[in-house]
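Here the structure is laid out as structure tokens; the discussion comes afterwards.
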Amino acid sequence: MKVNSNVQAMFAQSILSANEEKMAKSTQKMSSGYKLNRAMDNPAGMAITNRMRAQLSSLERATKNSKNAINAIQTAEGALSEIESMLQRMNELSIQGSNGTMTSSDRLAIQEEVDQLVSEINRISKNTSYNSQNLLDGTQDLKAFSGSSKDISIRNYNELMDVGKYEITVGTNGKATSFKKDGKVVDIAAQEVVEFLDKDGNVTGYSTKIHTANGGEMTFETKTGVTNAKIDVTGYGGMKCQVGAEEGQEIQVIIPEVSLRTLNFVDLDGNRTLDLRTEEGATKAISQIASAIDYVSAARSKLGAYQNRIENTVTNLDVTTENLTESYSTIKDIDMAEGMVEYTTLQVLIQAGTSMVAQANEQPQQALQLLQ
């Protein structure tokens, strides 16, 4: 029996201190809901969860970006829907004006309504915007530049046209007789030519759409007399939407230009070409308006395809976020039931430890009995 050194009390105190430290950690975990509150709790797990948390926040932002892109596309598609409705009305008027029973005053009234509809199409094209970005005036279309002549301009081209420098030789009928990219001949599968006429019926220029063998499409406009031109296709343009958490995970949304120019309602000098004041003019307008309807319908179809694609992207982002959140929770979050079991166990051990320290401290006092 020793008096100076109470080893049993020291042992009980050591165990009690360890349990109190564990109790403090358990209390922190239970109150925060995390089993990782400090790096010392699990250094590797802390590094993993920090990366996961950054990825989760990125995925949430990408989901919002995708939904914003869908809203922008819906805005453009809604405007195109109204333009198509007006084109349908213009088509009806052109058919009405081509009837021989109509008088000149009747056709003048038709022309006035058509002029108003054309002006409204022009207004919608210039004013339709999303977050101050114009959608239909060509701002969100692919870009190309003409470097050899001011008498040729690129209306548009699709994504299947390879980026590079093109050389075009134009014939007297507006068709391309030679089409080269970087000095190599590009196979032309088909061509469509629309003539621009002045008020006297003279041809002032052409709108030529080239279909290449690989599915590429390019539409360019030339004035009469132009024989050679050079065009630089950049591949830039459109609205790039970041739809992922990593660099390069984006979707390029190309919104075709829908204007009086692309609908062939103005010539190269900006003069309106729809003239329904005569029977011949009204008859010509039928095919012209039909072509414009086809163009707008194709543009709407393209926007619908983009919308479906991005909606699928949103679904995929939601699934990825859900699975990543589950993995994050497995490492970071505490199981409250398991934590409560540990907390209760430590409570009992601390109470028992406190009692044992008290008992161990009483043992040296028993030595006094030997001195009596």
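The values are calculated or read from the model by the stated rules, or taken from the named source; none is laboratory data. Note that this is a predicted model, so its numbers are computed, not measured. Using ideal geometry, Cβ is built from the backbone for each residue, glycine included, and neighbour counts are taken over all protein chains shown. Ligands, DNA and RNA are stripped out before the accessible areas are found, and what is left, the full protein with its side chains, is counted by its heavy atoms. Shrake-Rupley method; radii C 1.70, N 1.55, O 1.52, S 1.80 Å.
Taken as a whole, region 226-234 holds no residue that is surrounded by fewer than 17 Cβ atoms within 10 Å (Cβ to Cβ) and either among the small types (Gly, Ala, Ser) or free of Cβ contacts under 8 Å to residues at least 40 places away in the same chain (or both). Residue selection: residue 328 satisfies the criterion of being surrounded by 14 or more Cβ atoms within 10 Å (Cβ to Cβ), assigned to a helix (DSSP H, G or I) and either at pLDDT below 90 or of a type in the set (Val, Ile, Thr) (or both).
With respect to the conditions (1) under 33 Å from the mean Cα position of the chain (by Cα); (2) farther than 30 Å from residue 70 by Cα; (3) open to solvent by 60 Å² or more (accessible area, probe 1.4 Å), residue 172 falls short on a single one, namely (1). Of all residues in region 140-170, those satisfying the criterion of being out of contact with any Pro (no Cβ under 8 Å at 6 or more places or on another chain), in contact (Cβ under 8 Å) with a residue 12 or more places away in the chain and assigned to a loop (DSSP other than H, G, I, E, B) are 140, 147, 148, 149, 151, 158, 159, 160, 161, 162, 163.
From the residues in region 265-296 that are in contact (Cβ under 8 Å) with a residue 12 or more places away in the chain, outside any helix (DSSP H, G or I) and closer than 14 Å to residue 114 by Cβ, which one is nearest to the chain's Cα centre (by Cα)? Among them, the one singled out is 265. Considering only residues in region 237-265 that are open to solvent by 20 Å² or more (accessible area, probe 1.4 Å) and among the aliphatic types (A, V, I, L, M), the one that is modelled with the lowest pLDDT turns out to be 245. In region 312-326, the residues that are of a type in the set (Ser, Thr, Tyr) form Cβ pairs under 9 Å with partners that are in a helix (DSSP H, G or I) and open to solvent by 80 Å² or more (accessible area, probe 1.4 Å), at six or more places apart or across chains, as follows: 321/60. Does residue 318 fit the bill of being open to solvent by 50 Å² or more (accessible area, probe 1.4 Å) and farther than 16 Å from residue 136 by Cα? So residue 318 fits the description; yes. When the residues of region 48-90 are filtered to those that are open to solvent by 40 Å² or more (accessible area, probe 1.4 Å) and hydrophobic (A, V, I, L, M, F, W, C), the one that is farthest from residue 284 (Cα to Cα) is 48. Counting just the residues of region 91-104 that are in a helix (DSSP H, G or I) and not aliphatic (A, V, I, L, M), which one comes out surrounded by the most Cβ atoms within 10 Å (Cβ to Cβ)? Checked region 91-104; the qualifying residue surrounded by the most Cβ atoms within 10 Å (Cβ to Cβ) is 97.
Just wondering, is there one or more residues in region 146-160 that are at pLDDT 95 or above, on the phi < 0 side of the Ramachandran plot and under 28 Å from the mean Cα position of the chain (by Cα)? For region 146-160, residues at pLDDT 95 or above, on the phi < 0 side of the Ramachandran plot and under 28 Å from the mean Cα position of the chain (by Cα): absent.
Restricting attention to region 18-36 and to residues that are open to solvent by 70 Å² or more (accessible area, probe 1.4 Å) and out of contact with any strand residue (DSSP E or B) (no Cβ under 9 Å at 6 or more places or on another chain), the residue that is nearest to residue 328 (Cα to Cα) turns out to be 31.
Taken across region 275-285, residues that are closer than 29 Å to residue 239 by Cβ and modelled with pLDDT of 90 or more do not occur at all. Restricting attention to region 290-306, the residues that are open to solvent by 40 Å² or more (accessible area, probe 1.4 Å) and in contact with a helix residue (DSSP H, G or I) (Cβ under 6 Å, 6 or more places away or on another chain) add up to 1.
Tell me whether region 348-367 contains one or more residues that are in contact (Cβ under 8 Å) with a residue 12 or more places away in the chain, over 24 Å from residue 17 (Cα atoms), open to solvent by 50 Å² or more (accessible area, probe 1.4 Å) and not acidic (Asp, Glu). Looking through region 348-367, at least one residue is in contact (Cβ under 8 Å) with a residue 12 or more places away in the chain, over 24 Å from residue 17 (Cα atoms), open to solvent by 50 Å² or more (accessible area, probe 1.4 Å) and not acidic (Asp, Glu). Among residues of region 33-46 that are more than 15 Å from residue 343 (Cβ to Cβ) and in a helix (DSSP H, G or I), those with a Cβ under 8 angstrom from a residue that is open to solvent by less than 90 Å² (accessible area, probe 1.4 Å) and modelled with pLDDT under 75, sequence gap 6+ or separate chain, pair up as 46/39.
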